[in-house]
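Please read the structure below before turning to the comments.
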Amino acid sequence: RSLGSKIIKESPNGYKIMSSTAAAAFPSLHSDYVNDVRFDFYGRRVATASNDRTVKVWEVNPDTSEWTIRAGCEWQAHRSGVRAVSWAHPEYGQVLATAGGRERAVTVWEESGGGSTMGPTMDSDGGFGRAENPNPTAAGSRWTARAYLADARKDVTCMEFAPRGLGLRIAVGSADGFFRVYEAIDVQNLGHWSMVGQVDCTQDDVVNPLTVQDGGQGGQQGAGGLEEGEPPAQQQQQGSSAAQVSELGIRSLSWCNGRFEPPTMVVGGSSGFVGIYRYSDASRQWFLMLRLLDHGRGGCLDVAWAPNVGRGYHLIASSGKDNILRLHRLRRERKKPSSSHVSARDNPTPSHIDSSASANLSTLEHESSIVLESNSGSSNLGIWRCEWNVTGTCLATSGDGGVVKLWKSGFHNCWKCVEEVHGNLNN
């Protein structure tokens, strides 16, 4: 219930840190657990979502480095706990989306200036309107509900706005095993959104045919194969039933922000499924382009696609309840995926066949996967979050141990933990 902690000065792997800035700790002011914390594009504002059904938007004072909440920047966003928040690109204004997990809906909010004394409220039918704010100290509320997206048949579990180059779109994952993509019809009027894509990932959650070449954790193999292995029996258990993904459905998703890539995202499921989906302009539908190594039966808890700043390849981080953190490397090819990789043609279904694909179109191929962290014997219950910095050179992870770890690549593309942030578990 508090944000921030203290940074350990010494790296556990012998890295010498030239300088280290202490993290600022401040109370979250939420009355229940904080489910999500997101910085805006410029890193000057932070939105927090909690099980107390509220969202708070914090701003940093550049002179004192203190985080405060302006009047009107905290409100009840849903009738259930708020599972996630996401900022849109500032080109479209100050736009924030919130996911009401058990409410099975996503609300799009827009901040407007002028210091209005009218605040967003929810009526008995689940709709939104504008009413007098009963709290006089919160006068000047700036956030207004613009759209209510409620197509999910089960809890909404994750969501994320698309990169700027793809327009004002948002992807929403839910426990029914679907992810849905919405697009604003008019960016000047955020009250109208259309669903431009809907994919049932349960059809793709079958046995992963990627075989293990090395039985040891972290074993090395050439490009196109896996750099770490698991016992074949365990591999057969992962994703062995399409019904598994429907238990908790889609748990995480992340957009690819490569400038030269069509709409692409990585999706993680509750059965451990990790798949890459791409949108085809010709067939006007999403299809499973590539499947990565699954996590354990506890599920994939988070995925993060690294920002691509001048690299000739893509990096994707995935973490799971099996206490394993993996880093997948993909290369861009202008040819059809080879038969050694899993694509839509390996698991043909009417909704996922990309019949318009040709050899002239670019594709992504799996190059390698490495295990950055594996605590299979630990009492912790998983690595819950992984997130990249803006340049895609530093990866942050957090788990049940109350420790945030920072990972960076050294010489020969060797990734190591260079910093640890220990939280106060008593708060």
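The values are calculated or read from the model by the stated rules, or taken from the named source; none is laboratory data. This structure is a prediction, so every number in the text was calculated from the model and none was measured. In this analysis, Cβ positions are derived from the backbone assuming ideal geometry, glycine residues included, and neighbour counts consider all displayed protein chains. When the accessible area is computed, the model is the full protein with side chains, heavy atoms only, and any ligands, DNA or RNA have been set aside. Shrake-Rupley method; radii C 1.70, N 1.55, O 1.52, S 1.80 Å.
Does Val82 satisfy being of a type in the set (Val, Ile, Thr) and farther than 15 Å from Gln94 by Cβ? For Val82, the condition - of a type in the set (Val, Ile, Thr) and farther than 15 Å from Gln94 by Cβ - is met.
Scanning the range 153-162 for residues that are at pLDDT 95 or above and assigned to a loop (DSSP other than H, G, I, E, B) yields a total of 1. The set of residues from the range 149-206 being of a type in the set (Phe, Trp, Tyr) and in contact with a His (Cβ under 8 Å, 6 or more places away or on another chain) comprises just one member, Phe161.
Here Thr349 fulfils each of the conditions (1) under 30 Å from Thr202 (Cβ atoms); (2) at pLDDT 90 or above; (3) hydroxyl-bearing (Ser, Thr, Tyr); (4) not in a strand (DSSP E or B) apart from (2).
Looking across Ala131, Ala147, one residue alone is hydrophobic (A, V, I, L, M, F, W, C), assigned to a strand (DSSP E or B), modelled with pLDDT of 95 or more and open to solvent by less than 50 Å² (accessible area, probe 1.4 Å). It is Ala147. If you go through the range 384-404 and keep only what is open to solvent by 50 Å² or more (accessible area, probe 1.4 Å) and at pLDDT 90 or above, you end up with Trp384, Arg385, Glu387, Asn389, Val390, Thr391, Thr393, Val404.
Tell me the strands (runs of 3 or more DSSP E) entirely within the range 37-80 that contain at least 3 residues that are surrounded by fewer than 16 Cβ atoms within 10 Å (Cβ to Cβ) and in contact with a helix residue (DSSP H, G or I) (Cβ under 6 Å, 6 or more places away or on another chain).
Numbers: elements: 45-50, 54-60, 67-76.
No strands (runs of 3 or more DSSP E) qualify here.
Have a look at Ala233, Ala223, Ala171, Ala243 and point out the one that is outside any loop (DSSP other than H, G, I, E, B), modelled with pLDDT under 90 and of a type in the set (A, V, I, L, M). Reasoning before the result, please.
Working: Ala223 fails: outside any loop (DSSP other than H, G, I, E, B); Ala171 fails: modelled with pLDDT under 90; Ala243 fails: outside any loop (DSSP other than H, G, I, E, B).
Just a single option satisfies the conditions, and that option is Ala233.
Among what's in the range 405-427 and is of a type in the set (A, V, I, L, M, F, W, C) and either touching an Asp or Glu at 6+ places or on another chain (Cβ under 7 Å) or not in a strand (DSSP E or B) (or both), pick the residue that is surrounded by the fewest Cβ atoms within 10 Å (Cβ to Cβ). Among residues in the range 405-427 that are of a type in the set (A, V, I, L, M, F, W, C) and either touching an Asp or Glu at 6+ places or on another chain (Cβ under 7 Å) or not in a strand (DSSP E or B) (or both), the one surrounded by the fewest Cβ atoms within 10 Å (Cβ to Cβ) is Phe411.
Among the charged types (D, E, K, R), closer than 23 Å to Pro163 by Cα and either surrounded by fewer than 19 Cβ atoms within 10 Å (Cβ to Cβ) or free of Cβ contacts under 8 Å to residues at least 24 places away in the same chain (or both): is that true of Arg297 in this structure? Steps first, please.
Details: among the charged types (D, E, K, R): yes; closer than 23 Å to Pro163 by Cα: no; either surrounded by fewer than 19 Cβ atoms within 10 Å (Cβ to Cβ) or free of Cβ contacts under 8 Å to residues at least 24 places away in the same chain (or both): yes.
It is false that Arg297 is among the charged types (D, E, K, R), closer than 23 Å to Pro163 by Cα and either surrounded by fewer than 19 Cβ atoms within 10 Å (Cβ to Cβ) or free of Cβ contacts under 8 Å to residues at least 24 places away in the same chain (or both).
In this structure, is Leu381 at pLDDT below 85, under 23 Å from Gly272 (Cα atoms) and under 21 Å from the mean Cα position of the chain (by Cα)? Steps first, answer last, please.
Details: at pLDDT below 85: yes; under 23 Å from Gly272 (Cα atoms): yes; under 21 Å from the mean Cα position of the chain (by Cα): yes.
Spelling it out, Leu381 is indeed at pLDDT below 85, under 23 Å from Gly272 (Cα atoms) and under 21 Å from the mean Cα position of the chain (by Cα).
Selection over the range 165-187 of residues that are buried (at least 23 other Cβ atoms within 10 Å of the Cβ) and at positive phi gives a count of 1. Screening Arg329 on (1) at pLDDT below 85; (2) open to solvent by 30 Å² or more (accessible area, probe 1.4 Å) shows it passes everything except condition (1).
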